[in-house]
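To start, the structure under review is shown below, and the notes come after it.
Taken together, the values in this text are just the output of simple stated rules run on the coordinates, not laboratory data. Computed from a prediction, not measured in an experiment: that's the story for all the values here. Ideal geometry is used to build each Cβ from the backbone, glycine not excepted, and the neighbour counts take in all protein chains shown.
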Amino acid sequence: MSEVANCPSCNQLFMKTAFRSMCDSCRKEEDRQFDLVYSFMRKRENRMATSHQITDATGVTEEMIFRFVKQGRLQITKFPNLGYPCDQCGALISQGKICDGCRNSLQRDLTSLADQEKKEESRRSNRGAYHTKNFNES
């Protein structure tokens, strides 16, 4: 089902669908920039280029190159020096949203939080128990 939306690039109104997330003119410009990048990368001597080197050679922004990699239009298997930044720390990655280091750190934090919650729950459940001293045993 389509809906009227503003283009994220130029703010022009367009009919947004499941397959269209920007207006026709911005989509054509993005395709033109992709063609520039891909024709540069197809050359054997450029297959190991970094996003910075591609930007210098083609004029296409690094953000746009990162978008092409995220969308799978530029495949990491063919161009191993490409990637996009981790959402957390900015390190270059080739899949997902965060790098392995940030993922491990997040996992440690979650495990630590779960342990703290277990200890707090255990402390709360023991709070209702009363211990009395039997004075007759002395």
- Query: For segment 1-45, max minus min Cα coordinate along each principal axis, in Å, sorted largest first?
  - Reply: 44, 20, 11
- Task: May I ask for the longest run of the chain untouched by chymotrypsin sites (Phe, Trp or Tyr not before Pro) that are loop-located per DSSP and have at most 14 neighbouring C-beta atoms (other than their own) within 10 Å?
- Result: 20-129
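Taking a threshold of 28 Å on the Cα-Cα distance, which of the pairs LYS16/LYS70; LYS16/LYS78; LYS97/LYS119; LYS28/LYS78 fall above it? Working shown, then result.
Working: LYS16/LYS70 20 Å; LYS16/LYS78 32 Å; LYS97/LYS119 32 Å; LYS28/LYS78 24 Å.
Long pairs (Cα-Cα over 28 Å): LYS16/LYS78; LYS97/LYS119.
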- Rounded to the nearest 0.05, what FRET efficiency is calculated for LYS78 and GLU3 with R0 set to 30 Å and r the Cβ-Cβ distance? 0.25
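Tell me the mean residue ellipticity at 222 nm calculated for the chain from its helices only (DSSP H runs of n ≥ 4, each -39500 (n - 2.57), averaged over every residue, nearest 500).
Working: 4 runs with 65 residues, N = 138.
Calculated at 222 nm, the ellipticity per residue is -15500 deg cm²/dmol.
Apply 1/(1 + (r/R0)^6) to the Cβ-Cβ distance of CYS10 and SER105, taking R0 = 25 Å, and write down the FRET efficiency to the nearest 0.05. Spell out each step's value before the answer.
On the way: r = 38 Å, r/R0 = 1.52.
Calculated transfer efficiency: 0.10.
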- Message: If I take R0 = 41 Å and measure r between the Cβ atoms of ARG42 and ALA18 in this structure, what FRET efficiency does the formula 1/(1 + (r/R0)^6) give, to the nearest 0.05?
- Response: 0.85
- Item | Largest to smallest principal axis extent of the C-alpha atoms in the chain, angstrom | 93, 42, 20
- Toy charge model, Lys and Arg Cβ at +1, Asp and Glu Cβ at -1: segment 1-50 dipole around Cα centroid in debye, rounded to 20, equals 260 debye
- Charge dipole of the chain built from unit charges on the beta carbon (Lys, Arg +1; Asp, Glu -1), centred at mean Cα; most positive-end Cα among SER21, SER9, ALA114 is ALA114
